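Asks: Sharing a structure here in structure tokens format.
The values are calculated or read from the model by the stated rules, or taken from the named source; none is laboratory data. It should be emphasised that the depicted structure is a prediction, and the values quoted were computed from it without experimental measurement. Cβ sites come from the backbone with ideal geometry, for glycine too, and all protein chains shown count toward neighbours. Heavy atoms of the whole protein, side chains included, go into the accessibility calculation; ligands, DNA and RNA do not. Shrake-Rupley method; radii C 1.70, N 1.55, O 1.52, S 1.80 Å.
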Amino acid sequence: MAGSVRNKTAWAVFAILAIGIGLYPLMYFFSAEEFGLLQGKSKDISANIIWRIGFFGHIVFGGLALLTGWSQFSKKLRTKKLDLHRNLGKIYVLSALVSGICGVYIGFYASGGLVPSLGFISLGIVWLFTTIRAYAAIRKKDVSLHQGMMIYSYAACFAAVTLRIWLPLLTIILGEFLLAYKIVAWLCWVPNIVFAHFWVRRKGLTLA
């Protein structure tokens, strides 16, 4: 009984965080001034049309991926509403690919130099790779590989949530935004991938 309550609580927190951060990009459109990460960018970068397309492509489609991806882990949805599961999955894959490509591009312009750039570029590559493998696997009807790669893919996607948890905390603890940002560029996703690894092993999914 206690385990069931814990699982339901964890699922509820997971869904609330995914939906909340998935809707977060809307704040950029309703803000009258430069908002969030845009505030720390130089005028040259902020005025670059290609960079702005990449930035907004990343956050908008990343938000859509968060909003659609969490429900894909619902066993009830997969078994009782398979068509909905598939359609949401297609939206997630398309959103992840667009956001991931944009993320790799804007990663080259990350504040703080090489360390955060490598962190965010690596995250984008991992997200793209696992998403493409997950999609290719289900096309071949390899459900085990598909499920395993989707766990990894959404773990990378969920970095948008963990970044917004860690960044303010580390900024307060360290007293310096840029140092916190350099750490969070890796901390927001590497532990997620480690967690995904143990989750995949626990479920006994084959990734070969």
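Asks: Run the accessible area of the chain with a 1.4 Å probe and give the carbon-and-sulfur part as a rounded percent.
Replies: On the way: 8340 of 11970 Å².
Exposed carbon and sulfur together represent 70 percent of the surface.
Asks: Moving on. If I model a spin label at Ala47 and Phe177 as a point 7 Å from the Cα along the Cα→Cβ vector, what separation in nanometres do I get?
Replies: Simple spin-label model gives 2.1 nm for this pair.
Asks: Follow-up question, since we're still on this one. By accessible area of protein heavy atoms, probe 1.4 Å, what ranking do Leu114, Leu123 get, highest first? Before the final figure, lay out each step's value.
Replies: Values: Leu114 125, Leu123 25 Å².
Ranking Leu114, Leu123 by accessible area, largest first, yields Leu114, Leu123.
Asks: Excluding Gly89 itself, what net charge comes from residues whose Cβ is under 13 Å from its Cβ, given Lys and Arg +1 and Asp and Glu -1? Could the numbers behind the result be given before it?
Replies: Numbers: positive: Arg78, Lys81, Arg86, Lys90, Arg139; negative: Asp83.
Summing Lys and Arg as +1 and Asp and Glu as -1 gives +4.
Asks: Next question, about the same structure. Going by alpha carbons, how many degrees (0 to 90, nearest 10) lie between the helix axis of 114-139 and the longest principal axis of the chain?
Replies: Roughly 30 degrees, rounded to the nearest 10.
Asks: Please report the projected area of the range 30-126's Cα convex hull averaged over all directions, in nm². Could the numbers behind the result be given before it?
Replies: Values: hull surface 29.5 nm².
Result: a mean projected hull area of 7.4 nm².
Asks: Roughly how tilted is helix 143-157, in degrees to the nearest 10 and between 0 and 90, from the longest Cα axis of the chain?
Replies: 20
Asks: Please list 65-76, 48-59, 193-204 highest first by mean number of surrounding beta-carbon atoms within 10 Å per residue. Can you show the working numbers first?
Replies: Values: 65-76: 19.1, 48-59: 16.6, 193-204: 13.1.
In decreasing order of mean packing, 65-76, 48-59, 193-204 become 65-76, 48-59, 193-204.
Asks: Okay, moving on. Determine the dipole magnitude for the range 24-141: charges of +1 sit on the beta-carbon of Lys and Arg, -1 on that of Asp and Glu, nothing else is charged, the reference point is the Cα centre, and the result goes in debye to the nearest 20. All intermediate terms of the calculation are to be shown ahead of the outcome.
Replies: Details: 14 positive and 4 negative charges, 211 e Å.
Value, rounded to 20: 1020 debye.
Asks: Let me ask something else about it. Using only the alpha-carbon atoms of the range 92-208, report the extent along each of the three principal axes, biggest first, to the nearest angstrom.
Replies: 49, 29, 20
Asks: For the range 17-153, what does the accessible surface come to per residue with a 1.4 Å probe? Please give it in Å². Present the calculation step by step, with values, prior to reporting the outcome.
Replies: On the way: 7470 Å² over 137 residues.
Here the residues of the range 17-153 average 55 Å² of exposed surface.
Asks: Something else about it: Counting just the Cα atoms, what span does the chain cover along each of its three principal axes? Round to the nearest Å and put the largest first.
Replies: Over the chain, Cα extents along the principal axes are 50, 37, 34 Å.
Asks: For the range 53-208, what is the charge dipole size about the Cα centre, in debye to the nearest 20, if Lys and Arg each add +1 at the Cβ and Asp and Glu each add -1 at the Cβ? Show your work: numbers first, answer last.
Replies: Numbers: 16 positive and 3 negative charges, 190 e Å.
Result for the range 53-208 is approximately 920 debye, rounded to the nearest 20.
Asks: So, R0 is 22 Å and r is the distance between the beta-carbons of Ile125 and Phe198; what FRET efficiency does that work out to, to 0.05? Provide the component values of the computation, followed by the final result.
Replies: On the way: r = 22 Å, r/R0 = 0.99.
About 0.50, to the nearest 0.05.
Asks: Using the alpha-carbon atoms, what tilt in degrees (0 to 90, nearest 10) does helix 159-174 show relative to the longest principal axis of the chain?
Replies: 50
Asks: Given the options Asn48, Phe61, Tyr152, identify the residue whose Cα lies farthest towards the positive end of the charge dipole of the chain (+1 on Cβ of Lys, Arg; -1 on Cβ of Asp, Glu).
Replies: After comparing all options, I get Tyr152.
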